[in-house]
1. Counting Lys and Arg as +1 and Asp and Glu as -1, each charge on the Cβ, what is the dipole of region A:25-557 about the Cα centre in debye, to the nearest 20?
2. Evaluate the charge dipole of region A:418-560 about its Cα centre and quote only its size in Debye, nearest 20, assuming +1 on the Cβ of each Lys and Arg and -1 on the Cβ of each Asp and Glu.
3. Using label points projected 7 Å from each Cα along Cα→Cβ, tell me how many nm separate A:K364 and B:L74, to one decimal.
4. In angstroms, what radius of gyration and Dmax does region A:25-557 have, counting Cα atoms only?
5. So what does B:D93 come to for accessible area, using a 1.4 Å probe and Å² rounded to 10?
6. More than 15 Å apart: what percent of Cα pairs in region A:498-560 qualify?
7. Quickly estimate the mean residue ellipticity at 222 nm for chain A, helices only: each DSSP H run with n ≥ 4 gives -39500 (n - 2.57), and the total goes over all residues, rounded to 500.
8. If contacts are Cα pairs under 8 angstrom and at least 6 residues apart, what is the relative contact order of region A:25-557 in percent?
Amino acid sequence: MRDDKHTGFAILASILAAGISSAAFAQSAADLVNDNKNPKNVLTYGMGYNAQRYSTLKQVNRDTVKDLVPAWAYSMTDQTGLEAQPLVHDGIIYITNHNRTAAVDGVTGKEIWRVVHEYPPEVLRVVCCGIVNRGAAIYNGKIIRTTLDNTTVALDAKTGKEVWKTKADVDFNKGYSMTVAPLVANGVVVVGVAGAEFGIRGFLDGYDAETGAKLWRKHTIPAKGEKGSETWEGDSAETGGGSTWVTGSYDPELDLVFWGTGNPAPWNPRGRRGDNLHTNSILAFKPKTGDVVWASQTDPFDPFDHDGVNALVQADLTINGQVKKVVMQAHRDGYLYVLERATGAFLNVNKFVDMNWSSGWDAKSNRPILTEVSFKAIAGEKVEVWPSLSGGTNWHPMSYSPVENLLYINTFNLGMNYYAPPPEKAVAGQRTLHVELTPIKPEFQGHLKAVDPLTGKAKWEIPFKVANTAGTMNTAGGLVFTGQLTGEFIAVNSSDGKILWKFQTPSGIISQPVTWEKDGVQYVTVGSGIGGVYAMRTAAPDVAGVPTGSTLWTFKLHGK
Amino acid sequence: MKRLCVAGLLLCAGSLFAVGARAQDQADLAKAGFKIYDNNCAQCHGDRLVGSGITFDLRRLKADERPRFENSVLNGKNQMPPWRNVLKPADLDAIWAYIRANANE
């Protein structure tokens, strides 16, 4: 009896000890579900499964932000762009770039560990848009990330030691690469691929988060003979693009992952007539199986590289007096799409920037109404198109304020002269766009806009000569944070668009800011490090002279 | 005298034609080079060779720096991948012609 009691106590003690140690390093499925409700940590891409990038922290607010000062900066020892969103767990920051993953003490800025990842340099031949990585996922004590050579690796969050590594069975010589931040949903790591400029056939992969074992693959484009293959001319589907390079969002109640698919390939549409399913679509699928529950296409037969991968932000919106659970996308094509999460029904479609390729949304056929510009472009005539291939906005994620009911979007104000000559045959692995383009750049090339999700209209906007390509983040302190390609990290009044605070970081900002808390102090963290295709092509030479070199910056109120 | 003059004119016209043809060849080569550059190089080195200072400005390459150019393209350099076995010698000729046609000096 006594022994039993003793044994029972020992078991209880060991359970408690295990409980405590795992609680200290858990990030269980439940922790991830509650990420948007726990402002101390940032455990998911998007600062919550709903990807709102909204924090309830308000120590840093419209009154106190003038006292925001840098606490430390950490060098990534690298000259490439720093596009990643940091993760934060219990005051420790996890940050990635193309070949490094690091854990940094968020209070002191001291490095805890750093891992350098090797990949074959030849893979850079099929990297369209900058030598970058977009961030990691965290789950049960593991930091999980992708590398450019289509490998997903899980590291021990305490030590950086490799736990598992899974290589997607595709050949990078055929155009495939990975820059995506993984999404862990219901115990499954979901990753996507880039390469729609190189004639890939896009897909999503699901891996077991504990072992890395491949659970499923879901192609975004049907194989020959499969349903949907009739929406492609000849054998054009085989090199049809439909990449999946931006992280989706997850609704744990519906157990649905939402993920945007990219443009059809090549950009020249004249050899792939048809709707080109499921490019430029929003997919909703079950994370355990990859089974697609609905797929809603926004741009059938897209000639303009209006790559539909942008962030998918969830919210509860009141539409015609009814509360609707929606997922929203500010699309490169210039429309702000509001869809019902359960069904994929288009509830609201309004433009959020000027456009001339479409004159509105046809709610009966659920298709954009095309203008002469689109018809002429498809017919091989030279046209001026708005927005350009860079889009009304690009991949850099927007944020949503449930308090102001506004979306904060770094938009582009860019057009292009476009001509699609008679098409050539696409070859997987070769960058063959088959269009001739010249950019049209007005004096102000972008805005930070506060957009009403149901009208697309801006409550306020700030013009920028060089467009911003950083994400936005907003807080209960009434602030929107974002960064400029020229390096300024700014805090803006979320209600009226006044810039309240500014800090010059050493390089351009193309990452996503986050905020978190440790021991009663609110911190704001952002990466600085210019790179990415927009800075290297479209914004050149306006950003010539912005120094390269990536650093991670953390700020707090003076005296805290 | 007359014959000489005619012969001279012919000679003169002939060499002018040859110079013109060579220039035309170079222009065609540069045009082909633009296409190869636009597909493979522009995403890092900028539209029409105009970059943002993040990568090397190819317009700085001088007439005698073809070996330097070729070494970087074939073997890679810093963040640049090696293009050996992908870009052919004729492609290199074309890209070089395009760069030289737009070079600073």
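The values are calculated or read from the model by the stated rules, or taken from the named source; none is laboratory data. Quick caveat, the model's predicted, so the values are computed rather than measured. Ideal geometry is used to build each Cβ from the backbone, glycine not excepted, and the neighbour counts take in all protein chains shown. With ligands, DNA and RNA removed, areas are computed over all heavy atoms of the protein, side chains included. Shrake-Rupley method; radii C 1.70, N 1.55, O 1.52, S 1.80 Å.
1. Numbers: 50 positive and 53 negative charges, 74 e Å.
Charge dipole of region A:25-557: 360 debye, to the nearest 20.
2. Values: 13 positive and 10 negative charges, 20 e Å.
The dipole magnitude comes to about 100 debye.
3. Computed distance between label sites A:K364 and B:L74 equals 6.4 nm.
4. Calculated on Cα positions, Rg and Dmax stand at 21.2, 63 Å.
5. Answer for B:D93: close to 70 Å² accessible.
6. Details: 1156 of 1953 pairs.
Summing the P(r) of region A:498-560 above 15 Å gives 59 percent of all pairs.
7. Numbers: 3 runs with 36 residues, N = 560.
When only DSSP H runs of four or more count, the value is -2000 deg cm²/dmol.
8. So the answer I get is 16 percent.
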